[in-house]
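Report on one structure; see the data block that follows.
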Amino acid sequence: MMGCYLYNELVKLGKWNGHLPAIPTTGWNYNNSDFQQFGVGLRDQWTPTDKLHLDYGVRLDGQNLGWAPNPFSKDLSNTADVGLGYASLSSNYLWPRVIEPRFSADYQLNNNNSFRVSWGRSVSFQFAQTAGTPSAMAYINPVLYDIPAKDTPGWNPMAPTSLGPACGSGWHGPGTNQNGTYSQDPYVYFSGEGVLNEPGWYFQCPNYAESLYWMFDQGYSAPDIGGSFPPTYSNWDVAFEHQFHNGWGSKYTAYWRRGWDTYQTTLLNAGPPDPVTGQQTAGSFQERETGFQTAFGLEFMLTTPDRDTGFSGFLTANYVNELTNTPPVAGSDSLPIVQQYLYETGTLFHQSYLPPLSASAGMEYKTKNGLRINPVLEADGGEPFGVGKDAIGYVNGVLYHLPTCNLGVCTPYAGPNLPNQSYNATCYDDPADPGNYFDPNYYACRGYAEPEFAGQAFTRPRLYTDLDIEFTHNNITYGAYITNLFNQYRGEPTINEDWQPVSTGYGGPQTGEYAGAYPVLQGGAPNPLYLEGGRDESAYDEYWLPYQELYDPGITLRAYVQFKL
């Protein structure tokens, strides 16, 4: 139908040349956007006694978000055509200003001991991914601007040809601006319908090219920008320092941090399946400043004096317990996309990619003839991990915590790519007798001792080693830095999204394989799902395991020469 419409319009314009114009490319573009950050502060230091030192002040930090003009919107003050719900262009989002008082006090108990306490506020301003994802379209055949769009000024359910307006993100709301008059049109997809419970607001498209741009924006980007005040934090720490008689030094620190309005990402709609894996991908999502974060930690540090020759070194040990209402997602250090109702439950999780226990040690040995050897060891007790046995979903209009499964609303609430996907499941229902949401009947699980909630288990403890070697002679230094000395690096355990369960802990023969990765089927016929360049999972990535530890390239050697002038 679309090809017929374009053909007829091109014939009317006298521009039919035997083939249809190419489809423009779509994506996201921050070109010419201007993000500015600034700060100004007042600070004073006061020493009321020879043992007490006070340091206090106040900062004013600010940000200005300037979005580039959108060639498909005539409203220069609202380039993404938003305004409803969290997608608002308030001054708190575009031009936030934060006053941050800070205070610290140091007390010298004696020549070898001191005590310090401090407090301060801080802010985490928007960056590209949290500020927005402005959509774009390029490689547009100019003839598409000459073809009228197929929409109409108003929607009339009694007139099938009155389709209504179809341009705009849908998030604008009622009103009139340079684009025209906005009205609701239930025929046009609106990514916010599940959040706002109403159809979107649109204006009539001026041409066919603009209708293509807004169709992409509505399904894969909208709302592009918008938000509220950025996250702010209150930070406390207390420290005690002690110097031993032999010159060694130590420091003991306790700290606490509380975050308000931290970043969260909620799913609005799913996109098309991946052409190789067949798995669902994300469509539109919305970043919101509605999260919670709290952290408590203890730190210990021990250092030796610096020496011209012989041994010196340091040791640090850390404990931190950071909780947030954003679940950890295996295989990604970005904000996971989750359903909004997860945040409504108030469930707290361990912060992803943050080991509760960690330590670092370095030892340096120097010789009189210019040789320096410095091994560095990094260790941790494992990072938060696990899909969990818990699912959250609505059953008959009531929100429940449910046993996990791979069907319906009891699928995992977070995971790589999208929430509520069967390929992230911990356990799989028996297809012949699945049971029910409250009492599922499993035929296979991944075989790991899953925690109750995501992130309550931890990866195995790890120890990594780097080595730094230098030799200096006649004002020339020759050096080498070796990373991952014993070739132990592995990626964080991630859910094997291509695991074929046959029994608990065991994957079938198609584990790690994709339907689109083979050009020819077993019988010799061409594979209609084959995508050129598609590949199965690599053996380096342990494709046969329910949870893979992806391979990181091994030992890295960096050699250098320095000349002293």
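The values are calculated or read from the model by the stated rules, or taken from the named source; none is laboratory data. Worth saying up front: this structure is predicted, and the values here are computed from it rather than measured. Backbone-built Cβ (ideal geometry, glycine too); neighbour counts: all protein chains shown.
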From the option list 365, 394, single residue qualifying as in contact with a Leu (Cβ under 9 Å, 6 or more places away or on another chain), part of a strand (DSSP E or B) and not assigned by TED's automatic domain parsing to the domain that holds residue 473 is 365
The listed residue being at pLDDT 90 or above and either exposed (fewer than 13 other Cβ atoms within 10 Å of the Cβ) or in contact with a helix residue (DSSP H, G or I) (Cβ under 8 Å, 6 or more places away or on another chain) (or both), out of 94, 89, 144 | 144
Just for region 215-268: of the residues that are β-branched (Val, Ile, Thr) and under 30 Å from residue 415 (Cβ atoms), which one is modelled with the highest pLDDT?
-> 232
From the options 472, 426, residue that is assigned by TED's automatic domain parsing to the domain that holds residue 515 and hydroxyl-bearing (Ser, Thr, Tyr) | 472
Could you grab the pairs with beta carbons closer than 6 Å, sequence gap of 6+ or different chains, first residue in region 90-108 and among the aromatic types (Phe, Trp, Tyr), second one assigned to a helix (DSSP H, G or I)?
-> none
From the list 517, 444, which residue is outside the structural domain of residue 546 (by TED's automatic domain parsing), of a type in the set (A, V, I, L, M) and surrounded by 17 or more Cβ atoms within 10 Å (Cβ to Cβ)?
-> 444
When region 40-77 is checked residue by residue, the ones that are aromatic (Phe, Trp, Tyr) and surrounded by 13 or more Cβ atoms within 10 Å (Cβ to Cβ) are 56, 67, 72
Note: among 469, 495, 476, just one is closer than 26 Å to residue 387 by Cα and in contact (Cβ under 8 Å) with a residue 24 or more places away in the chain, namely 495
Note on region 240-249: residues within 14 Å of residue 109 (Cβ to Cβ) and polar (S, T, N, Q) are 243
Could you say whether any residue in region 51-60 is under 30 Å from residue 107 (Cα atoms) and part of a loop (DSSP other than H, G, I, E, B)?
-> yes
Of the listed residues (49, 25), the one being at pLDDT 90 or above, under 30 Å from residue 183 (Cα atoms) and either of a type outside the set (A, V, I, L, M, F, W, C) or touching a Pro at 6+ places or on another chain (Cβ under 9 Å) (or both) is 25
Going through region 1-48 one residue at a time, which ones are in a helix (DSSP H, G or I), of a type outside the set (Asp, Glu) and touching a residue at least 24 places away in the same chain (Cβ under 8 Å)?
-> 5, 6, 10, 13
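Results for (1) outside any helix (DSSP H, G or I); (2) at negative phi; (3) touching an Asp or Glu at 6+ places or on another chain (Cβ under 6 Å); (4) surrounded by 20 or more Cβ atoms within 10 Å (Cβ to Cβ), shown as yes or no for each residue.
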| residue | (1), (2), (3), (4) |
| --- | --- |
| 150 | yes, yes, no, no |
| 170 | yes, no, no, yes |
| 173 | yes, no, no, no |
| 188 | yes, yes, no, yes |
Condition broken by residue 118, with the remaining ones in (1) surrounded by 15 or more Cβ atoms within 10 Å (Cβ to Cβ); (2) assigned to a loop (DSSP other than H, G, I, E, B) satisfied | (2)
May I ask you to say which residue of 492, 497, 549 is in contact with a Lys or Arg (Cβ under 8 Å, 6 or more places away or on another chain) and surrounded by 15 or more Cβ atoms within 10 Å (Cβ to Cβ)?
-> 549
State whether the residues of region 213-224 include one that is of a type in the set (Phe, Trp, Tyr) and touching a His at 6+ places or on another chain (Cβ under 9 Å).
-> no
Among the candidates 145, 86, 93, which residue alone is out of contact with any His (no Cβ under 6 Å at 6 or more places or on another chain), part of a helix (DSSP H, G or I) and closer than 25 Å to residue 197 by Cβ?
-> 93
Residues that are among the polar types (S, T, N, Q), touching a residue at least 12 places away in the same chain (Cβ under 8 Å) and not in a loop (DSSP other than H, G, I, E, B), drawn from region 405-441 = 422, 424
Test each condition in (1) among the hydroxyl-bearing types (Ser, Thr, Tyr); (2) assigned to a loop (DSSP other than H, G, I, E, B); (3) more than 30 Å from residue 209 (Cα to Cα) for residue 77 and report the one that comes out false.
-> (3)
The condition from (1) touching a Leu at 6+ places or on another chain (Cβ under 9 Å); (2) free of Cβ contacts under 8 Å to residues at least 60 places away in the same chain; (3) under 22 Å from residue 226 (Cα atoms) that residue 166 misses is numbered (1)
Residues located in region 293-311, provided they are of a type in the set (S, T, N, Q), modelled with pLDDT under 95, in a strand (DSSP E or B) and more than 30 Å from residue 347 (Cβ to Cβ) | none
